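First the structure, in the form of structure tokens, and then the observations on it.
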Amino acid sequence: MPRRVMIVEVCTYRVKAGRRSEFIKHFEAQAVPAIRACGIRVLGPLVDRENPNKFVWLRSFPSQEERDRMYYAFHHSAVWVDELEPIAMPMLESWDFAARP
């Protein structure tokens, strides 16, 4: 049986002080449905209990090729550019995406 490979990205966000709850509400209500609409699987958010300004979420793709296609589709969509990005990005200090095959 062939081995099935999945690409998983560990997405770590550092939210501006005191804004994590607000950001997570936005993330869950608006961002997650838009991300899933592009075919990306989402797990999270997972909160860091020791750092109130940090949370992690995972996203997965069936292959690197699909990752590239889905990532582009989401980040170039009108939903991201016109609606989500202008709200989300001002709440963030930093972010990091680490891909794991």
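Here region 71-88 is the region considered, the condition is being of a type in the set (A, V, I, L, M, F, W, C) and over 12 Å from the mean Cα position of the chain (by Cα), and the residue that is surrounded by the most Cβ atoms within 10 Å (Cβ to Cβ) is VAL79. Of the residues making up region 48-56, one or more are free of Cβ contacts under 8 Å to residues at least 12 places away in the same chain and surrounded by 13 or more Cβ atoms within 10 Å (Cβ to Cβ).
Of the residues making up region 22-37, those that are more than 16 Å from MET91 (Cβ to Cβ), among the hydrophobic types (A, V, I, L, M, F, W, C) and out of contact with any Lys or Arg (no Cβ under 9 Å at 6 or more places or on another chain) number 2.
For region 1-22, taking the residues that are over 12 Å from the mean Cα position of the chain (by Cα) and surrounded by 15 or more Cβ atoms within 10 Å (Cβ to Cβ), the one that is farthest from ARG67 (Cα to Cα) is identified as ARG19.
None of the figures in this text is laboratory data; all of them are computed from the coordinates on show. Quick caveat, the model's predicted, so the values are computed rather than measured. Note: ideal-geometry Cβ built from the backbone for every residue, glycine included; neighbour counts use all protein chains shown.
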